[in-house]
Every structure is written in structure tokens, then in C-alpha cells.
Amino acid sequence: MEEAILLALKCMVKVIEGEPDGKKIKIAVIPAETKKFRKLSPEEVENYLKKVKEGKRSSGK
């Protein structure tokens, strides 16, 4: 599931105007184990955004 979230954020970062942050982007997940809808907190989204940004730096893009 983490890979799907990171892929979605990579796409959003390319098209969103301004600097994306955890307060502007809303993400929800439904884990197969629990089958319960859950919204990620702004802090969780921010952590994923950091991973996306780190990936861009390490790949040189």
C-alpha cells in the first residue's frame, strides 16, 4: 500500500501548484486486513511527501 501512496503523491507533486504539504493533500486508505476506511493525518501525509522528495533527490530528478 505504501508504494501506491508514494506513486499517487509523485503524480500530485508534478501537477499541483505551489509547494505541496500534508494540510493541502488528503489521503484515505482501506487496508485489506481491516476493511475499514481511514484518513491519513496531515503528519502521515507529510512523512510520505518527504519520502517522495528524498526519492527525487537521490534519483537526480
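Filter the range 12-61 for residues that are in a loop (DSSP other than H, G, I, E, B) and aliphatic (A, V, I, L, M); which is modelled with the lowest pLDDT?
Only one residue fits best here, namely 16.
Would you mind stating whether residue 45 is more than 8 Å from the chain's Cα centre (by Cα), of a type in the set (Val, Ile, Thr) and surrounded by 15 or more Cβ atoms within 10 Å (Cβ to Cβ)?
no
Would you mind stating whether residue 55 is in contact (Cβ under 8 Å) with a residue 40 or more places away in the chain, surrounded by 10 or more Cβ atoms within 10 Å (Cβ to Cβ) and either of a type outside the set (A, V, I, L, M) or on the phi < 0 side of the Ramachandran plot (or both)?
Against the criterion (in contact (Cβ under 8 Å) with a residue 40 or more places away in the chain, surrounded by 10 or more Cβ atoms within 10 Å (Cβ to Cβ) and either of a type outside the set (A, V, I, L, M) or on the phi < 0 side of the Ramachandran plot (or both)), residue 55 qualifies.
Consider only pairs whose beta carbons are under 7 Å apart and that are at least six residues apart or on different chains; among these, list those whose first residue lies in the range 1-13 and is loosely packed, with under 11 Cβ neighbours inside 10 Å and whose second residue is not hydrophobic (A, V, I, L, M, F, W, C).
1/31
The values are calculated or read from the model by the stated rules, or taken from the named source; none is laboratory data. Quantities reported herein were computed from a predicted structural model and do not represent experimental measurements. For neighbour counting, all protein chains shown are included, and Cβ atoms are generated from backbone atoms with ideal geometry for every residue, glycine included.
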